[in-house]
Amino acid sequence: MQRSTLKAWFLVHKWTGLVCTVFLLLLCLTGLPLVFGEEIAHLAEPHVDAPATDAAPRDLDAQVRTALAQYPGNVPLFVGWDPDAPTVYVNTGARADTPPPQMQTALLHAISGEVLPAAQFNEGVMYFLYRLHTDLFLGLPGMLFMGAMGLLFAVAILSGLVLYGPFMRKQPFGTLRTGRSRRLAWLDLHNVLGIVTLGWALVVGITGAINTIAKPLEQAWQGEQLGEFAARYAGQPRPTMLASLQAAVDTARAAEPGMRPAFVSFPGTGYSGNHHYGVFMQGNSALTERLYRPVLIDAQTGALTAQPQLPLYMSVLLLSQPLHFGDYGKLPLKILWALLDLLTIGVLISGLYLWFKRGNTDARVSEIERAARTGAAE
């Protein structure tokens, strides 16, 4: 590699790493508890005994009425099922387009309809950490900014591989030269941890960047596919008298017999237009349960309207969201994700140390050139 090219790669690695390091530290520190967010949430929820196998679930319309009695004046927005417990949640709000932080949630026993204690969207330490992690409490601009930091991190990783890969190959894996200088030991530590976390960091950084554009992608899908069905109802007001929710879910089950309902969106929420229930079905495996298939049910008549296929970009989004938090392999994979998260914090801290102990750019480039020839850095 020519010296000018090597210098360019060094500057790319240096500045992309410096710009994103503080924000990456924030993401790693807040992401660590979020990896176990589901387990932490279940610890806070009441224990619900599994029902007898022949127990029939309570009618969903009755569940919604119970939830609305808790929050008079609200309208139903979403109904969903916990796959790991016999519970149903009902999200309500003051209006159909209520944003998630302003929603109120009722948690009900799926069989008896008993009202259970429910965590709210905008409460608690986990909500605070989630907002810090995703958008810095700045909404979409904050999400896009954090996504840009994730992409800078990916560039820093790849440029580091270009710079230090040649002489790392000439050393036994895991070498830490502690007898010569402190900066050299930190450089070896930085490189070793960087190689160990390379694949994971790229996956998490890129999926995190994809997740930050979730809202624009959802809006594109709603405008592209749902707009087609909404056009059939042009000029018609949103229905005020809705068909049976239970009947709508039963119709969706019959239309997709190999799947189970994950959640239902009510008209006006943005997920199913102004005139439909959106019954989002999911598969039964770790992969297919992430790929929702919407079934649109006319909210006034209860008739099946359509079963639109999700476009490729929505499938990529749905698959990247759980991958970002290690949510495919249950607790063992989450523990691995947490360990790699801690190692990445080590990469970031060692990178900061090397920057504080930096020499001038030409000296560092000369060091890399010597290392590439001899397999040892000074």
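The values are calculated or read from the model by the stated rules, or taken from the named source; none is laboratory data. These numbers come from a predicted model, not from an experiment. Note that each Cβ is placed from the backbone with ideal geometry, even for glycine, and that neighbours are counted across all protein chains shown. Heads up: the accessible areas ignore ligands, DNA and RNA and are worked out on the full protein's heavy atoms, side chains in. Shrake-Rupley method; radii C 1.70, N 1.55, O 1.52, S 1.80 Å.
Observations on the structure shown:
- Under the condition of being touching a residue at least 40 places away in the same chain (Cβ under 8 Å) and either part of a loop (DSSP other than H, G, I, E, B) or open to solvent by 40 Å² or more (accessible area, probe 1.4 Å) (or both), the residues counted in the stretch 233-245 number 6.
- Selection from the stretch 305-331 of residues that are in contact with an Asp or Glu (Cβ under 9 Å, 6 or more places away or on another chain), under 15 Å from Q222 (Cα atoms) and outside any loop (DSSP other than H, G, I, E, B): A306, M314, L317
- Any chance F280 is at pLDDT below 90, among the hydrophobic types (A, V, I, L, M, F, W, C) and closer than 23 Å to A41 by Cβ: no
- All positions within the stretch 290-314 that are open to solvent by 30 Å² or more (accessible area, probe 1.4 Å) and of a type outside the set (A, V, I, L, M): R290, Y292, R293, Q300, T301, T305, Q307, Q309, Y313
- Among the conditions (1) touching a residue at least 24 places away in the same chain (Cβ under 8 Å); (2) surrounded by fewer than 16 Cβ atoms within 10 Å (Cβ to Cβ), the only one that I111 does not satisfy is (2).
- Residue in the stretch 115-129 that is of a type in the set (S, T, N, Q), in contact with a helix residue (DSSP H, G or I) (Cβ under 7 Å, 6 or more places away or on another chain) and either buried (at least 16 other Cβ atoms within 10 Å of the Cβ) or in contact (Cβ under 8 Å) with a residue 40 or more places away in the chain (or both) present: no
- Any hit, the stretch 220-227, residues being among the acidic types (D, E), closer than 21 Å to F78 by Cβ and either part of a helix (DSSP H, G or I) or open to solvent by less than 50 Å² (accessible area, probe 1.4 Å) (or both): no
Yes/no matrix, rows are residues, columns are (1) open to solvent by 40 Å² or more (accessible area, probe 1.4 Å); (2) assigned to a helix (DSSP H, G or I); (3) more than 30 Å from L336 (Cβ to Cβ):
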{"site": "T207", "(1), (2), (3)": "no, yes, no"}
{"site": "I210", "(1), (2), (3)": "yes, yes, no"}
{"site": "E218", "(1), (2), (3)": "yes, yes, no"}
{"site": "A231", "(1), (2), (3)": "yes, yes, yes"}
{"site": "P257", "(1), (2), (3)": "yes, no, yes"}
{"site": "S272", "(1), (2), (3)": "no, no, yes"}
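- On inspection, M281 passes the criterion of being in contact with a helix residue (DSSP H, G or I) (Cβ under 9 Å, 6 or more places away or on another chain) and open to solvent by less than 20 Å² (accessible area, probe 1.4 Å).
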